[in-house]
Amino acid sequence: MSERKLMALLLLIPLVFFISWVGMIKYMDYMAENHVKIAVRGYDPRNLLSGHYLNLELDWNATDCGQFVNRKCPRTKFKNVYQLFVPEERAAELDRTVRFNDNRYKIELLFNYRRGNQPRLKEMLIEGQPWRQWLAKQPESAAEPQS
């Protein structure tokens with residue numbers, strides 16, 4: 001085998017692996033038994049390196065456990081804290097909405113969850129809408145904390 005063909009083959013291996021991996025993830029999303037919603041609350045970890053991430057802590061007390069098998073929340077299958085990347089433009093506003101919520105809005109994380117598999121975070125919902133849609137309907141100052 002010539003050196004040129006060997007190099008082409010070696011370059012194709014990672015590409016085939018990557019395409020297979022993405023296909024497997026999409027297939028797992030498609031085959032997921034159900035989506036589950038888990039209530040969250042925001043917190044401020046004072047991490048200067050966090051960038052434009054919302055820090056979200058699962059709130060099992062406000063979660064409907066009836067959506068799970070045997071009506072029990074599988075708390076050990078989920079992490080306690082999740083980070084959600086948001087674009088810079090309105091990140092501070094969205095962060096204030098989540099951290100200073102005081103039950104003004106119903107905020108949940110939507111997961112793909114299939115028993116026996118690791119849950120996969122799909123979306124953050126505010127008042128049942130994806131956060132991007134909810135935020136687009138809000139005036140610029142809607143998320144200001146009440147004094």
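The values are calculated or read from the model by the stated rules, or taken from the named source; none is laboratory data. Model, not experiment: these values are computed from the prediction. Cβ coordinates were reconstructed from backbone atoms using ideal geometry, including for glycine residues, and neighbour counts include every protein chain displayed.
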Open item on the list: If I go through the stretch 61-82 residue by residue, how many of them are surrounded by fewer than 14 Cβ atoms within 10 Å (Cβ to Cβ), in contact with a Cys (Cβ under 9 Å, 6 or more places away or on another chain) and either in contact (Cβ under 8 Å) with a residue 40 or more places away in the chain or in a helix (DSSP H, G or I) (or both)?
Closed with: 1
Task: Of residues in the stretch 76-106 being of a type in the set (Lys, Arg) and at pLDDT 90 or above, the one nearest to Leu125 (Cα to Cα) - done: Lys106
Task: Count of residues meeting criterion [surrounded by 15 or more Cβ atoms within 10 Å (Cβ to Cβ) and part of a loop (DSSP other than H, G, I, E, B)] in the stretch 116-125 - done: 1
- [ ] Take the stretch 87-106 and flag every residue that is touching an Asp or Glu at 6+ places or on another chain (Cβ under 8 Å) and not basic (Lys, Arg).
- [x] Glu93, Tyr105
Task: Matching residues, the stretch 85-115, being surrounded by 15 or more Cβ atoms within 10 Å (Cβ to Cβ), outside any loop (DSSP other than H, G, I, E, B) and not aliphatic (A, V, I, L, M) - done: Glu93, Asp95, Arg96, Thr97, Arg99, Glu108, Phe111, Asn112, Tyr113
